[in-house]
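Some notes on the structure that comes next.
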Amino acid sequence: MKPIASSIRVQDLDHCGIVAGIIDQIGIVEQINQELGTHPQEKLSAGVAVKAMIINGLGL
């Protein structure tokens, strides 16, 4: 029988990874994009930009 401790994998997400996961679960990016709409020429949606600003603001 294989020891349990050797099969456990631990990763350090820090708070930015946790916040990014919560933002994805809540669907903030999709809600913002739905409210503001998109433009064919945009390379980055407004929702993704807001997500990046939230994570960047918490990371510094």
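Things worth noting here:
- With the helix formula -39500 (n - 2.57) applied to DSSP H stretches of n ≥ 4, the chain reaches a computed 222 nm mean residue ellipticity of -19500 deg cm²/dmol.
- Summing charges over neighbours of Gly57, with a neighbour being any other residue whose Cβ is under 15 Å away from its Cβ, gives 0 when K and R count +1 and D and E count -1.
- Taking Cα extents along the principal axes in Å as calculated from this structure, the corresponding entry among [x] 31, 26, 17; [y] 57, 28, 20; [z] 36, 17, 16 is [y].
- Basic side chains Lys and Arg get +1 at the Cβ, acidic Asp and Glu get -1 at the Cβ, and with that the dipole of the chain about its Cα centre reaches some 280 debye.
- Gained length - Gln25 relative to Asn56, 0.36 nm times residue gap less alpha-carbon distance: 9.3 nm
Only the coordinates and a few stated rules stand behind these numbers; no lab work does. It should be emphasised that the depicted structure is a prediction, and the values quoted were computed from it without experimental measurement. So basically every Cβ, Gly included, is an ideal-geometry build from the backbone, and we count neighbours across all protein chains shown.
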